[in-house]
1. Please compute one quarter of the surface area of the Cα convex hull for the stretch 91-229 and express it in square nanometres.
2. Once you put a point 7 Å from the Cα of V223 and another 7 Å from the Cα of D155, both along the Cβ direction, what distance in nm separates them?
3. Once amide H atoms are placed 1.01 Å from N in the peptide plane, what residues at a sequence separation of 5 or more from F173, or on another chain, have their amide H within under 5 Å of its amide H?
4. Determine the gain in length on full extension of the stretch D213-Q198; use 0.36 nm per residue of separation and subtract their C-alpha separation, reporting nm with one decimal.
5. Pull out a ≥ b ≥ c, the square roots of the eigenvalues of the alpha-carbon gyration tensor of the stretch 87-136, then state rounded if a/c is under 1.5, prolate if not and a/b is larger than b/c, and oblate in the remaining case.
6. Residue by residue through the stretch 48-60, which ³J(HN,Hα) values in whole Hz follow from phi under the Karplus form 6.51 cos²θ - 1.76 cosθ + 1.60 (θ = phi - 60°), with glycine and proline marked x?
7. Quick check: at a probe of 1.4 Å, how many percent of the accessible area of the stretch 1-117 sits on carbon and sulfur atoms?
8. Answer rounded, prolate or oblate for the stretch 68-107, using the Cα gyration tensor with square roots of eigenvalues a ≥ b ≥ c: rounded when a/c is under 1.5, else prolate when a/b is larger than b/c, else oblate.
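The values are calculated or read from the model by the stated rules, or taken from the named source; none is laboratory data. Just so you know, these numbers come straight off a predicted model, no measurement behind them. Neighbour counts are summed over all protein chains in view; Cβ atoms, including those assigned to glycine, are modelled from backbone coordinates with ideal geometry. Keep in mind that these areas ignore ligands, DNA and RNA; they rest on the heavy atoms of the full protein, side chains included. Shrake-Rupley method; radii C 1.70, N 1.55, O 1.52, S 1.80 Å.
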Amino acid sequence: MDSNAVPQPSSVVDFQVYGLDETFNGVRWVDFFEGLPGKPPWALWLGHRAAGSDSGVRVGTLPKQRYEAVLCPNGKDPLVEVAFSGAFGVVNVTLPDSSVVRPDGLIPSLVEHAEHQARRYAEWPIVWWSIEGAQVRARVWHFAGGWAAFSTALDDAYLVAVGVGMEAANLAFEPVKDDSMYHTDLSAPLNFAELGRQKSARPEAWLPPPRRDAFHPDQLAFVPDDSEA
């Protein structure tokens with residue numbers, strides 16, 4: 001092996017990826033992936049936006065063995081990390097447009113809140129999903145007009161979803177068999193720059209926040225009080 005070789009952006013996806021089933025009508029895209037250069041990713045997220053609306057769901061497939069090896073090397077509860085992946089996602093997707101000024105300290109406070117909620121995942125309410133036609137349980141957390149949910153029903157992967165404008169209950173998922181529906185080739189190496197180019201060419205391929213021009217009361221509750229400084 002050439003020690004001076006430039007590492008590939010990522011290896012190809014080597015696990016079964018899930019998305020919403022064929023009953024979903026709307027735009028689909030590869031949203032982002034989590035991984036290190038030259039190695040298979042430990043999470044792949046697919047975007048879904050309902051036709052003619054701002055409602056949609058991001059679906060993350062997290063291969064259990066790899067995800068736990070990377071995120072829980074010291075035996076931590078993997079479901080805390082899984083729950084946080086969803087909770088962080090909903091904190092991020094519900095932020096208003098970048099033109100809305102972020103109060104100092106708000107973002108760290110929101111992330112800390114997501115971490116706190118993830119540690120309490122066992123208290124999240126139960127909803128029912130369909131995965132490959134089987135009814136399974138998922139746990140859901142609502143925040144700022146959005147929600148995060150996850151299921152452990154699959155043998156080899158955690159399934160996580162982050163949604164706005166759609167109910168978390170009664171979603172139906174299936175393996176992705178035709179990656180052209182997501183305008184990508186999942187047999188080719190993933191590349192952040194290429195994903196960015198694809199999304200910029202399809203302005204509809206993103207999930208707008210529930211409120212674009214103002215913060216939600218759930219978010220404003222975490223604006224640091226200057227009087228406490």
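1. On the way: hull surface 43.9 nm².
Seen from a random direction, the Cα hull of the stretch 91-229 projects 11.0 nm² on average.
2. 5.2
3. Result for F173 returns D21, S130, I131, E132, G133.
4. Contour length minus the Cα-Cα distance gives 2.8 nm.
5. Values: a/c = 4.78, a/b = 1.92, b/c = 2.49.
Oblate.
6. Once θ is set to phi - 60°, the couplings for the stretch 48-60 become 9, 10, 4, 4, x, 8, 9, 8, x, 9, 9, 10, x Hz.
7. The nonpolar share, carbon plus sulfur, comes to 53 percent.
8. Details: a/c = 4.11, a/b = 2.84, b/c = 1.45.
It is prolate, given that a/c is not under 1.5 and a/b is the larger ratio.
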